[in-house]
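Read through the structure below, which is laid out as structure tokens, and then see the notes.
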Amino acid sequence: MDQGNLSDIQDFYKEKCVLLTGATGFLGKLILEKLLRSTEVQKIYLLVRRNRKDDPEKRVEKLLECPIFDGIKRISSECLSKIIVVHGDMSLIDLGLEEKILKNIVKEVNCVFHTAVAAKVNQTIVDASLTNIRGTGELLNIARSMKKLKSFVLVSTAYSNCVKEEIDEKIYDLDVDVEEFITSIESDGVKGLEKYKSLTEKWPSSFTFTMALAENLIKNESGKLPVAIVRCSSIIATNLGPIRGYIDSCHGPTGVVIGVGLGILRVFYGDDDKVGDIVTADYVINNAIAAGWAVNEYKDYDKFEKLYLKDKVPVFNCVSSPNNPITWKTFGEIMDKYGKESPSSKLMWYPYKIVTSCLYNYLLLKFLLHTIPAFILDIVLLCVGKRGRISGFYDQMEGYTGNIQYFMNNSWVFNDSNNKELIKGMTRKDRELFNFDHSDIDWESYLEYYMKGIRVYILKDEMNTVKQGQKKLQTFKYLHYSLITLGCVILYLFARFFLKMFLGIFFNV
Ligand SMILES: NC(=O)c1ccc[n+]([C@@H]2O[C@H](COP(=O)([O-])OP(=O)(O)OC[C@H]3O[C@@H](n4cnc5c(N)ncnc54)[C@H](OP(=O)(O)O)[C@@H]3O)[C@@H](O)[C@H]2O)c1
């Protein structure tokens with residue numbers, strides 16, 4: 001870092017105390033790394049819950065082993081001492097924080113980044129509501145007591161309002177009292193949701209619906225707090241840093257890319273011609289960091305045209321489609337190309353995919369290409385004394401891909417004027433340090449790194465196994481086309497047999 005010559009954004013974060021939620025998640029860990037690497041924050045509180053195996057301290061210790069931290073460890077490992085782990089849970093009252101810790105946080109914190117979210121595939125709407133809506137409310141309550149608060153950034157989803165076709169940078173009012181909704185869930189659980197059924201049914205997932213309500217809660221309850229919302233579309237690998245192509249999350253299109261790339265997913269329900277809004281993880285976190293700085297700049301009214309200041313809570317749509325659109329078809333073609341150039345050694349069959357936007361075609365093809373082969377393989381496994389599990393595996397994969405199908409069958413018109421305004425208001429140095437302008441991305445070369453990132457960081461398959469992968473690809477290709485030829489021959493023989501029978505019965509030939 002250029003010590004004597006800090007940029008505006010670096011200057012803003014200098015000596016600041018940050019509270020970050022969701023640090024064990026994909027985006028959270030990237031925000032943590034970026035703040036440590038590119039700013040001189042004084043301290044970062046990480047709110048982490050324990051999991052089945054480890055307590056929060058152990059989890060953060062493991063988190064810091066992630067390769068994205070290798071760079072800062074090489075340059076100055078002392079900066080890791082700025083991290084303070086606090087035990088907390090977003091689904092609990094007061095976030096489950098100990099009183100003493102809570103007092104320290106209230107006294108010291110200047111900037112809040114809220115990225116913790118309940119967005120698992122099998123998440124119930126009750127759990128998602130308690131974490132995403134009530135948890136955001138609890139965090140906001142705590143922020144209200146922070147005397148030195150300068151910024152509060154909620155990272156939300158660009159699809160929180162996916163029930164609309166055009167999505168502006170504003171919080172849309174929902175016809176529901178958020179407080180009443182939460183009270184209903186608290187007292188009656190799933191039963192409490194019944195009266196909201198006509199509303200909840202409109203959203204494709206509990207995640208998108210609860211984020212819409214969390215945004216409404218922020219709008220109603222943030223008062224004069226310096227709060228901003230950064231809404232992002234489908235987040236995939238990093239573009240520029242800390243490592244090009246880093247990804248460790250299977251959300252969104254990544255689950256599909258993995259399924260197809262390994263030769264498991266063969267048919268997909270989606271519309272190839274639709275524009276797929278994808279954003280890179282490092283640009284999203286840069287956007288959040290810049291929004292935190294901007295929301296504190298309220299005082300400095302001359303600096304920007306202040307488009308986003310017309311609303312009490314500025315919203316920034318972090319999307320790519322308005323400036324650099326890419327269709328799912330182009331995305332798929334590029335991924336196919338790089339998938340076949342450096343196939344994984346974990347390949348399970350020759351990768352091919354059929355994309356259809358006709359539901360009946362999809363169901364029929366799914367039966368033929370997923371259900372039947374999985375059933376046959378399960379029987380083979382059973383015969384050799386192993387418990388069949390391929391069908392279960394397909395069900396699991398369906399969970400991942402089912403979530404994205406809605407988004408691959410629809411497209412939205414996003415407005416990102418606030419974000420453009422935000423970029424315009426940044427200095428050249430800040431634009432370089434905290435770049436989030438998706439119009440400068442060359443998708444072809446970026447997606448090559450995305451593919452490699454999936455291979456190395458998700459599949460844990462280093463690039464030195466490419467040759468093995470290529471051998472497997474050749475073998476499976478041979479088997480795949482042999483099977484298709486065999487299938488065609490059998491079909492032909494069947495057709496000939498039935499035709500002969502038909503002619504024999506009706507025409508006595
Ligand atoms: N990834 C995407 O494609 C995408 C798209 C649109 C918007 N977003 C937004 O980006 C943000 C982060 O997403 P992500 O991809 O980083 O998600 P992620 O990888 O699933 O991480 C979620 C984080 O939230 C934490 N969390 C969940 N429930 C919690 C609880 N009850 N208490 C404390 N922590 C809890 C998780 O902790 P554990 O490790 O303990 O589970 C994890 O650290 C979210 O705000 C989301 O709205 C993401």
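The values are calculated or read from the model by the stated rules, or taken from the named source; none is laboratory data. Model, not experiment: these values are computed from the prediction. Positions of Cβ are generated from backbone atoms using ideal geometry, with glycine treated the same way; all protein chains shown enter the neighbour counts.
State all residues of the stretch 19-36 that are away from the ligand (no atom under 12 Å from the Cβ) and in contact with a strand residue (DSSP E or B) (Cβ under 9 Å, 6 or more places away or on another chain); if no residue qualifies, say none.
Once the filter is applied, which keeps residues that are away from the ligand (no atom under 12 Å from the Cβ) and in contact with a strand residue (DSSP E or B) (Cβ under 9 Å, 6 or more places away or on another chain), the stretch 19-36 yields 19, 35, 36.
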Has the stretch 481-501 got at least one residue that is under 36 Å from the mean Cα position of the chain (by Cα), over 18 Å from residue 341 (Cβ atoms) and surrounded by 10 or more Cβ atoms within 10 Å (Cβ to Cβ)? yes
Filtering the stretch 59-95 down to residues that are surrounded by fewer than 18 Cβ atoms within 10 Å (Cβ to Cβ) and at positive phi yields 94
Test result for residue 379, surrounded by fewer than 19 Cβ atoms within 10 Å (Cβ to Cβ) and either out of contact with any Cys (no Cβ under 9 Å at 6 or more places or on another chain) or acidic (Asp, Glu) (or both): yes
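Please work out if residue 151 is buried (at least 21 other Cβ atoms within 10 Å of the Cβ), in contact with an Asp or Glu (Cβ under 8 Å, 6 or more places away or on another chain), within 25 Å of residue 22 (Cα to Cα) and of a type outside the set (A, V, I, L, M, F, W, C).
So residue 151 fails the test.
Might you check whether a residue that is in a helix (DSSP H, G or I), of a type in the set (Phe, Trp, Tyr) and modelled with pLDDT of 95 or more occurs anywhere in the stretch 480-491?
Within the stretch 480-491 (the criterion being in a helix (DSSP H, G or I), of a type in the set (Phe, Trp, Tyr) and modelled with pLDDT of 95 or more), the answer is no, since none of the residues qualifies.
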Evaluate the stretch 72-82: report whether one residue or more is among the charged types (D, E, K, R) and within 16 Å of the ligand (Cβ to nearest atom). no
Determine whether the stretch 44-61 contains at least one residue that is more than 12 Å from the ligand (Cβ to nearest atom) and within 25 Å of residue 230 (Cβ to Cβ). yes
Loosely packed, with under 12 Cβ neighbours inside 10 Å and closer than 22 Å to residue 341 by Cα: is that true of residue 460 in this structure? yes
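When you scan the stretch 164-203, how many residues do you find that are within 16 Å of the ligand (Cβ to nearest atom) and either surrounded by fewer than 18 Cβ atoms within 10 Å (Cβ to Cβ) or free of Cβ contacts under 8 Å to residues at least 40 places away in the same chain (or both)?
Summing the residues that are within 16 Å of the ligand (Cβ to nearest atom) and either surrounded by fewer than 18 Cβ atoms within 10 Å (Cβ to Cβ) or free of Cβ contacts under 8 Å to residues at least 40 places away in the same chain (or both) in the stretch 164-203 gives 1.
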State yes or no: is residue 254 modelled with pLDDT under 95, within 20 Å of residue 326 (Cα to Cα), within 16 Å of the ligand (Cβ to nearest atom) and part of a helix (DSSP H, G or I)? yes
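Here is a yes/no grid of residues against (1) more than 13 Å from the ligand (Cβ to nearest atom); (2) under 21 Å from residue 370 (Cα atoms); (3) not small (Gly, Ala, Ser):
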residue: 236; (1), (2), (3): no, no, yes
residue: 239; (1), (2), (3): yes, no, yes
residue: 242; (1), (2), (3): yes, no, yes
residue: 250; (1), (2), (3): no, yes, yes
residue: 264; (1), (2), (3): yes, yes, yes
residue: 267; (1), (2), (3): yes, yes, yes
residue: 274; (1), (2), (3): yes, no, yes
residue: 277; (1), (2), (3): no, no, yes
residue: 280; (1), (2), (3): no, no, yes
Has the stretch 43-58 got any residue that is β-branched (Val, Ile, Thr), part of a loop (DSSP other than H, G, I, E, B), within 27 Å of residue 95 (Cα to Cα) and without any contact (Cβ under 8 Å) to a residue 60 or more places away in the chain? no
If a residue must be within 30 Å of residue 168 (Cβ to Cβ) and part of a helix (DSSP H, G or I), how many such residues does the stretch 413-470 contain? 20
Restricting the search to the stretch 92-146, which residues are more than 10 Å from the ligand (Cβ to nearest atom), in contact with a His (Cβ under 8 Å, 6 or more places away or on another chain) and not hydrophobic (A, V, I, L, M, F, W, C)? 98
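Quick check, is residue 248 assigned to a loop (DSSP other than H, G, I, E, B) and within 28 Å of residue 364 (Cβ to Cβ)?
Considered against the rule, which asks whether it is assigned to a loop (DSSP other than H, G, I, E, B) and within 28 Å of residue 364 (Cβ to Cβ), residue 248 comes out as no.
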